[in-house]
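The values are calculated or read from the model by the stated rules, or taken from the named source; none is laboratory data. Everything quoted here is computed from the prediction, not taken from an experiment. In this analysis, Cβ positions are derived from the backbone assuming ideal geometry, glycine residues included, and neighbour counts consider all displayed protein chains. Please note that ligands, DNA and RNA were not included when accessible areas were found on the heavy atoms of the full protein model with its side chains. Shrake-Rupley method; radii C 1.70, N 1.55, O 1.52, S 1.80 Å.
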Amino acid sequence: MIHFLSLLKDTQLFKGLTEEEIEKIFACLPAKSKRYRRGEYVFRQGDNISDLCILIEGKLYIQREDYWGNSNIVNAVEPGEMFGESYIAPDSGALLNNVLAVEDSEILFFNAKKFLTSCPSACNCHAAVIQNLFFAISEKNRKLVQKLAHMAKRSTREKLMSYLSEESSRHRSSSFSIPFNRQQLADFLSVDRSAMSNELCKLRDEGLIRFNKNKFVLIS
């Protein structure tokens with residue numbers, strides 16, 4: 001696990017801890033890692049999971065599919081980000097979404113029960129991680145509220161402008177890249193791809209944005 005330490009130190013879950021302290025935590029919270037190939041499912045809808053997961057390398061999409069196979073991207077997971085925390089409660093039920101590796105990926109799995117159990121040695125590092133977990137879940141809820149705000153917009157244009165405005169704010173810049181291609185962005189916003197592409201072109205022609213693939217510039 002040594003090669004993970006520099007990345008883990010910068011994650012929200014291990015925020016404020018040194019690499020040496022994170023090494024100590026692994027003695028209390030044994031973890032395992034597993035690699036997935038691009039296009040491979042990490043979890044499928046209906047699975048029961050008991051692990052808290054951190055993406056070490058690659059990229060994942062959290063997706064939901066309907067009966068006919070139509071998919072909607074719920075979220076993108078980047079290296080250092082956590083997922084699975086919504087299902088670590090004993091009565092949380094089966095997974096509602098698929099987790100798909102969209103790049104070759106490596107994931108670190110922590111046993112959630114041990115994660116939430118008090119450390120036998122009462123180490124302060126473990127207590128700090130549990131506090132960080134609470135803050136991380138709060139941040140995930142905030143992002144969910146943001147997505148619901150995009151989805152609440154009536155038109156494709158309004159959804160696009162809401163999403164791009166939020167990304168600009170998140171990057172603290174009018175120039176930024178998004179983690180989706182056109183189809184994936186349409187799936188994320190639950191809009192028709194052709195209609196969305198048309199709206200992007202209109203926004204560009206009106207002088208409100210510039211874009212090249214997944215790179216955008218907002219113009220005031």
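Going through (1) in contact (Cβ under 8 Å) with a residue 24 or more places away in the chain; (2) assigned to a helix (DSSP H, G or I); (3) open to solvent by less than 40 Å² (accessible area, probe 1.4 Å); (4) not aromatic (Phe, Trp, Tyr) one by one, ARG157 falls short only on (3). For the range 84-118, residues that are modelled with pLDDT of 90 or more and within 15 Å of the chain's Cα centre (by Cα) total 11. May I ask you to verify whether GLN131 is assigned to a helix (DSSP H, G or I) and within 17 Å of the chain's Cα centre (by Cα)? Spelling it out, it is not the case that GLN131 is assigned to a helix (DSSP H, G or I) and within 17 Å of the chain's Cα centre (by Cα).
For a quick check of your reading of the model, give me the residue pairs whose first member lies in the range 88-105 and is more than 17 Å from ASN75 (Cβ to Cβ), whose second is assigned to a loop (DSSP other than H, G, I, E, B) and open to solvent by 80 Å² or more (accessible area, probe 1.4 Å), with beta-carbon atoms closer than 6 Å and at least 6 apart or on different chains. From residues that are more than 17 Å from ASN75 (Cβ to Cβ), the pairs are ALA94/ASN48; ASP104/ARG37; ASP104/ARG38.
Consider the range 144-154 and keep the residues that are in a helix (DSSP H, G or I) and open to solvent by 90 Å² or more (accessible area, probe 1.4 Å). The one that is modelled with the lowest pLDDT is LEU144. In the set GLY69, GLY58, GLY80, only one residue is surrounded by fewer than 14 Cβ atoms within 10 Å (Cβ to Cβ) and on the phi > 0 side of the Ramachandran plot; that residue is GLY69. Taken over the range 83-113, residues that are more than 30 Å from ASP192 (Cβ to Cβ) and either open to solvent by 40 Å² or more (accessible area, probe 1.4 Å) or part of a loop (DSSP other than H, G, I, E, B) (or both) amount to 11. Tell me whether the range 179-192 contains one or more residues that are hydroxyl-bearing (Ser, Thr, Tyr) and open to solvent by less than 40 Å² (accessible area, probe 1.4 Å). No, because not a single residue in the range 179-192 is hydroxyl-bearing (Ser, Thr, Tyr) and open to solvent by less than 40 Å² (accessible area, probe 1.4 Å).
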